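S.K.: What follows is a single structure, and I will ask about it in a moment.
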Amino acid sequence: MKIAVCLKQVPSRDSVLRINAAGNWIQETDINYEVNEPDIYALEEALRLKEAQGGEVVICSLGPARATQAIKEALAKGADRALHLEDAAFEGLDANGIAKVFAAALKPENPDLIVTGLQSDDLGFAQTGVMLAEFLGLPHSTIIMQIEVNGGRMRVKRELEAGWFQWIDMPLPAVLTIQSGINKPRYATLKGIMAAKNKPVRKVSMADLGINQQEIAPGLKVLKIYPPVKQSKTEFLEGSAKEIAVKLVDKLKNEARVL
Amino acid sequence: MAESILVFAEHQGGKIVRPTWEAIAAAQQIAKEAGASVSAVILGENLTAIAAEIAAADLKDVLAVDGAALKEYTPGGYCFALKKVIEDRKPDWVIFSHTYQVRDFAPKLAAMLNRGLASDCLGYRREDGRMIFVRQVFQGKFNADIVLADETPRLVTFQAGSFREDAVTRGSNPAPVFRIAAAPNAANIRTQPGERFREAKQAVDLTQAELIVAVGRGIKAPENLDLAKRLAEALGAELGASRPICDSGWLPMDRQIGSSGQTVAPKLYLALGISGAIQHQVGMKGARTVVAVNKDKEAPIFEVATYGIVGDLFEVVPPLIEELKKVKAG
């Protein structure tokens, strides 16, 4: 089966983020990037399906030139080839616009299954995968913790709140958004890293897709970002580790009365 | 003309779910300030009793779409029906709670209507007549102000706990319930849901625990869990964890606290190396006393902590265990 994986490059969790001069995004220079964590699980699921069923894994990533690094990582883990959606016109799109761009890029690929992480670690709207399904006219399911493909159909385990689950039976082709923890993602091997150098990465621009700017005009805008206003009355305990321990035990015993 | 707000009412096991009441509270608050009206829409089969439950709120009306094809939730069935209701009633706003069900279908509905979707908002404010929604970005490191384009309907989902269920205004009389013929047919529904179930091995009930020590990414490696276990023993506490720890298999899933795990309300919650993303906070903000140990002083967990310790948990915890042992012994 042919499986497409939509993955996004996001600032790494350990990066110290600063707000840009315009106040509407972070400063993108001098920080490290990594593959969005839920997308890593989606990629792993795609690789396992390919290993079990045969076929091909195609990466589809939208982002500036730096996203090449995320694509290389996915190819090094075992994906076969990639589409890199790169165009200045793709900047500042909302999830709706991004999903339209993905849909236009993936339609000619005709994948049997499209997987992506349930949300991104940067904006976290949790919309792109579901919107992509709609624009491709495909069924979808979200927050998936297990996939069992059987011929032209599959059974997927969907996570619900508070420890509940549900199996969903659905046809292929389809789009699934994958929950973190569904599997144990592999690391790239040295052999994989070497092999990735020769795997095809095709750049795709707005002109290649036949979309006009009007169609993807954002319906949602980020006006500004800022540190959360501190509302808490947290009492910070300071000193040496020993002093802190003494203070905390005293507070827990005599102030909070929980000991 | 006065604006109109439509609230999506979710139900489970014959009851309206709690986050729906919070969404009603949000809609009523917005409506009060804007002079708008609030309606609710409910989908399902044999809705008489549950429509009456939601009609007790102070609403203009309740729109009920009843049909066998809506007996079980499916994204295809729900979006078909909601799109028809929205086209029929033309609300200015549609408000949802950001539940797993809404996350499953609201982006599809937004795509069908070709609208933006302000998802997972924590609140809003009105500025120069414009509604600005506030939500977290970068895992809670920053907040973002976002706006939707002018075209209606404008779709918004609010995170659970952003508004208070007990702020819902009840009506002096039940709101009228109108039946709307918008039920989908089989062709609109391509996914077949099975029964809801829980994993049988849910062995640990953290919901009743009085004291909890919870660990997050800051614990760094599974072999370091022993330190947290020794702290939990010294306190007589249960051990819990944030999602990444259970995802990595370092602790079983039934130790997980947060929106996808257990919701706890202990007397003491001691968070070790947990940054406190919203999904985690949802599961523990009922704790009476929260102690947070984290090396990042900007970590969102400090927003909900009673006592905060900015530092390396590997330095802070060992003397804490010693002090606790002394107190217990003395």
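S.K.: Taking the criterion of being within 9 Å of chain B (Cβ to nearest Cβ), closer than 27 Å to residue B:158 by Cα and surrounded by 23 or more Cβ atoms within 10 Å (Cβ to Cβ), would at least one residue in region A:101-116 satisfy it?
M.R.: No.
S.K.: Another one. If residue A:98 satisfies every condition in (1) within 13 Å of chain B (Cβ to nearest Cβ); (2) surrounded by fewer than 18 Cβ atoms within 10 Å (Cβ to Cβ) but one, which is the exception?
M.R.: Going through the list (1) within 13 Å of chain B (Cβ to nearest Cβ); (2) surrounded by fewer than 18 Cβ atoms within 10 Å (Cβ to Cβ), residue A:98 breaks only (2).
S.K.: Can you name every residue in region B:70-122 that is under 21 Å from the mean Cα position of the chain (by Cα) and of a type in the set (Lys, Arg)?
M.R.: B:103, B:108
S.K.: Give just the number: which of (1) facing chain A (nearest Cβ under 8 Å); (2) aliphatic (A, V, I, L, M); (3) without any contact (Cβ under 8 Å) to a residue 24 or more places away in the chain does residue B:329 not satisfy?
M.R.: The one condition residue B:329 does not meet is (1).
S.K.: Then there is this: Kindly establish whether residue A:114 is under 14 Å from the mean Cα position of the chain (by Cα), more than 24 Å from residue B:257 (Cα to Cα) and not in a strand (DSSP E or B). Spell out how you get there, then give the answer.
M.R.: Working: under 14 Å from the mean Cα position of the chain (by Cα): yes; more than 24 Å from residue B:257 (Cα to Cα): yes; not in a strand (DSSP E or B): no.
Judged against the criteria, residue A:114 is not a match.
S.K.: I'm trying to understand the selection: among the residues of region B:249-272, which are under 13 Å from residue B:209 (Cα atoms), aliphatic (A, V, I, L, M) and more than 8 Å from every other protein chain (Cβ to nearest Cβ)?
M.R.: B:257, B:264, B:265, B:270
S.K.: While we're here: If we scan region B:142-157, do we find a residue that is more than 10 Å from chain A (Cβ to nearest Cβ) and in contact with an Asp or Glu (Cβ under 7 Å, 6 or more places away or on another chain)?
M.R.: yes
S.K.: Just to be sure before I move on: is residue A:182 among the β-branched types (Val, Ile, Thr), surrounded by 15 or more Cβ atoms within 10 Å (Cβ to Cβ), more than 7 Å from every other protein chain (Cβ to nearest Cβ) and in contact with a Gly (Cβ under 8 Å, 6 or more places away or on another chain) in the structure I sent?
M.R.: Answer is no for this residue.
S.K.: So, in region A:197-229, how many residues would count as being touching a helix residue (DSSP H, G or I) at 6+ places or on another chain (Cβ under 7 Å) and within 8 Å of another protein chain (Cβ to nearest Cβ)?
M.R.: Number satisfying all stated conditions: 3.
S.K.: Additional query: For residue A:169, indicate whether it is farther than 30 Å from residue B:142 by Cβ, acidic (Asp, Glu) and at the interface with chain B (Cβ under 10 Å from one of its Cβ atoms). So that I can check it myself, show each step before the final result.
M.R.: Working: farther than 30 Å from residue B:142 by Cβ: yes; acidic (Asp, Glu): yes; at the interface with chain B (Cβ under 10 Å from one of its Cβ atoms): yes.
Spelling it out, residue A:169 is indeed farther than 30 Å from residue B:142 by Cβ, acidic (Asp, Glu) and at the interface with chain B (Cβ under 10 Å from one of its Cβ atoms).
S.K.: Which of the residues belonging to region A:160-175 are farther than 18 Å from residue A:2 by Cβ and surrounded by fewer than 21 Cβ atoms within 10 Å (Cβ to Cβ)?
M.R.: A:160, A:161, A:162, A:163, A:164, A:165, A:166, A:167, A:169
S.K.: How many residues, within region A:17-42, are more than 9 Å from chain B (Cβ to nearest Cβ) and among the aliphatic types (A, V, I, L, M)?
M.R.: Residues in region A:17-42 being more than 9 Å from chain B (Cβ to nearest Cβ) and among the aliphatic types (A, V, I, L, M): 6 in total.
S.K.: Let me ask another. Can you find, within region B:67-85, the residue that is surrounded by the most Cβ atoms within 10 Å (Cβ to Cβ) among those that are touching a strand residue (DSSP E or B) at 6+ places or on another chain (Cβ under 6 Å) and away from chain A (no Cβ under 14 Å)?
M.R.: B:81
S.K.: Would you mind stating whether residue B:217 is more than 9 Å from chain A (Cβ to nearest Cβ), of a type outside the set (A, V, I, L, M), touching a residue at least 40 places away in the same chain (Cβ under 8 Å) and out of contact with any Asp or Glu (no Cβ under 8 Å at 6 or more places or on another chain)?
M.R.: No.
S.K.: Here is a further query. Can you tell me which residue in region A:118-147 is surrounded by the fewest Cβ atoms within 10 Å (Cβ to Cβ), limited to those that are small (Gly, Ala, Ser) and at negative phi?
M.R.: Just the residues of region A:118-147 that are small (Gly, Ala, Ser), to begin with: A:120, A:124, A:126, A:129, A:133, A:137, A:141.
With the extra rule that they be at negative phi, the set shrinks to A:120, A:129, A:133, A:141.
On the way: A:120: 23, A:129: 27, A:133: 26, A:141: 26.
Selected residue: A:120.
S.K.: I'm checking my understanding of the structure. Among residues of region B:86-120 that are facing chain A (nearest Cβ under 10 Å) and of a type in the set (S, T, N, Q), which one is surrounded by the most Cβ atoms within 10 Å (Cβ to Cβ)?
M.R.: Result: B:119.
Each value in this text was obtained by applying a stated rule to the coordinates, not by laboratory testing. Remember, it's a predicted structure, so these values are computed and weren't measured experimentally. Every residue, glycine as well, gets a Cβ built from its backbone with ideal geometry; the counts of neighbours run over all protein chains shown.
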